[in-house]
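K.L.:
Please find one structure pasted underneath; my questions will follow.
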Amino acid sequence: MAASNGLGSFEETSNDDIKSFFDSSPPLKDAAEIKRKLEEFIQKKSFLGKVVLVTSGGTTVPLEQRCVRYIDNFSSGSRGAASAEYFLKAGYAVVFLYREGTYQPFCRSLPNNPLLECFEVTSESNITARPLYEKTVKEAISNTHVAASNGTLLKLPFTTIFEYLQNLQLISSSMSSLGSSALFYLAAAVSDFYVPWESMAVHKIQSSSGPLDMRLAQVPKMLSVLRKDWAPKAFCISFKLETDMKILLEKAGTALKKYNMDMVVANELLTRKEEVVVVTKGGNIVVQRDTTRADADVEEPLIKLIVDKHSAYLS
Ligand code: PAZ
């Protein structure tokens, strides 16, 4: 399945396409509660400064309404989690819209099962971090606590393409009140194709019916409506992932113009942790990881660049 911020190829998406996508989607669970949390978060933050939406991880496309099988989009969530950390350090409030089960801010260097691997029972009433993980665990706990007590990190999970886009719409319209202080950093890998809910099998598809022949519809291009209607004044950054370097910059450049983005971050699958190219109307900027430091992330210079550009945009 192709992945490209819901961009796919570059045909126009009409408001009718968008409306019919949302009308036919299964209702978002807890939508009222998500809206309430967002409003509380944004109202508080709007007095203090800048708010960024970081999207992270891949969306699934269910094949059955009572879903047993689905198509997935590649993304570990490492980019989004690392970026959220650097935005928090730069003083932003962060709405972190993430795929359930993917990397989380401040916990990227912990093993998958931190409780069992990082801690040991030292006496009947004591559990302590094992020496190997002590520093990482301390940092993870204190950074998470700082974000929680400052109220600067709001985490919202998604799994399916329907949940992702419904959340994106809710968050964008809540953030539109922030005007140009709002930053959209759309690093999630979003399905380009999906099975519309009303034409989806209800129950598990049976192999006894023979080979599976399935037609996928195109996901409407939400970036254009986000830019035009949902958050017209915000600073918008989308991502472009390709595996063929020859087409990467051209596709990123097309997305920049077509969706009127402020930046498109272009990355190639195998080198994405080392280097990205930030495509802007003023030219391309290559951003690389500091290779003299083993634990340096490419997100560190990337977020610094974005924070500077967003400040310039605000002033
Ligand atoms: O999540 P991760 O760190 O494994 O990978 C990040 C990424 C490649 C998914 C992201 O940088 C990206 O390019 N997202 C947009 C993908 C796309 O839809 O083109």
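The values are calculated or read from the model by the stated rules, or taken from the named source; none is laboratory data. None of these values were measured; they are calculated from a predicted model. Counting neighbours? That spans all protein chains shown, and the Cβs are built from the backbone with ideal geometry, glycine included. The area values use the complete protein model at the heavy-atom level, side chains included, leaving out ligands, DNA and RNA. Shrake-Rupley method; radii C 1.70, N 1.55, O 1.52, S 1.80 Å.
K.L.:
Taking a 20 Å limit on the Cα-Cα distance, which of the listed pairs K89/K304; K251/K281; K233/K281; K45/K135 fall beyond it?
P.N.:
K45/K135
K.L.:
What's the magnitude of the charge dipole for the range 138-265 around its Cα centre, counting Lys and Arg as +1 and Asp and Glu as -1 at the beta-carbon? Answer in Debye, nearest 20.
P.N.:
I would put it at about 240 debye.
K.L.:
Further question on the same structure: Starting from the Cα gyration tensor of the range 66-180, take the square roots of the eigenvalues, sort them a ≥ b ≥ c, and report rounded, prolate or oblate (rounded when a/c is under 1.5, otherwise prolate if a/b is larger than b/c, else oblate).
P.N.:
oblate
K.L.:
What are the ³J(HN,Hα) values, in whole Hz, obtained from phi via the Karplus relation 6.51 cos²θ - 1.76 cosθ + 1.60 with θ = phi - 60°, for each residue of the range 61-71 in sequence order, with x given for Gly and Pro?
P.N.:
Each residue's phi maps through the Karplus curve to give 10, x, 9, 9, 4, 8, 5, 10, 10, 8, 9 Hz.
K.L.:
Between rounded, prolate and oblate, where does the range 142-278 land on the alpha carbon gyration tensor, with a ≥ b ≥ c its root eigenvalues, rounded for a/c under 1.5, else prolate if a/b exceeds b/c?
P.N.:
In terms of gyration-tensor shape, prolate.
K.L.:
Same structure, new question: Over the chain, with a single point scatterer placed on each C-alpha, what log10 of the ratio I(q)/I(0) does the Debye formula yield at q = 0.07, 0.11 1/Å?
P.N.:
Per q value, in the given order, log10 I(q)/I(0) is -0.29, -0.72.
K.L.:
Further question: K240's amide H: which non-local residues (gap 5+, or another chain) put their own amide H closer than 5 Å, with H modeled 1.01 Å from N in plane and none for Pro or chain starts?
P.N.:
Residues meeting the amide H criterion: V265, A266, N267.
K.L.:
List the aspartates and glutamates whose Cα lies under 20 Å from the Cα of K258, skipping any in the same chain that are fewer than 8 positions away.
P.N.:
Within reach: E11, E12, D16, D17, D192, D229, E242, E250.
K.L.:
With the dipole of the chain worked out from charges on the C-beta (+1 for Lys and Arg, -1 for Asp and Glu) around the Cα centre, which of P157, T122, S173 lies farthest toward the positive end?
P.N.:
S173
K.L.:
Can you give me the distance in nm between label points at H145 and A296, each placed 7 Å from the Cα along the Cα-to-Cβ direction?
P.N.:
3.2 nm
K.L.:
Give me the 1.4 Å probe accessible area per residue for the chain, excluding ligands and nucleic acids, in Å².
P.N.:
Per residue, the chain has an accessible area of 51 Å².
K.L.:
Let me know the charge dipole size of the chain about its Cα centre in debye, to the nearest 20, where only the beta-carbon of Lys, Arg (+1) and Asp, Glu (-1) is charged. Don't jump to the answer; show the numbers that get you there.
P.N.:
Values: 36 positive and 36 negative charges, 129 e Å.
Rounded to the nearest 20 debye, it is 620 debye.
K.L.:
Ok, one more. Leaving ligands, DNA and RNA out of it, report the carbon-plus-sulfur percent of the accessible area of the chain at a 1.4 Å probe. List each step's numbers first, then the result.
P.N.:
On the way: 8390 of 15920 Å².
Accessible surface attributable to carbon and sulfur in the chain totals 53 percent.
K.L.:
Separate question: Using a 1.4 Å probe and counting only protein heavy atoms, arrange S173, S76 so the residue with the most accessible area comes first.
P.N.:
Ranked list, largest accessible area first: S173, S76.
K.L.:
As an exercise, identify the trypsin sites (Lys or Arg not before Pro) in the range 271-315 lying in DSSP coil whose Cβ has no more than 12 other Cβ atoms within 10 Å. Provide the component values of the computation, followed by the final result.
P.N.:
Values: sites: R272, K273, K281, R289, R293, K304, K309; in loops: R272, K273, K281, R289, R293.
Here the sparse-neighbourhood loop sites are K281, R293.
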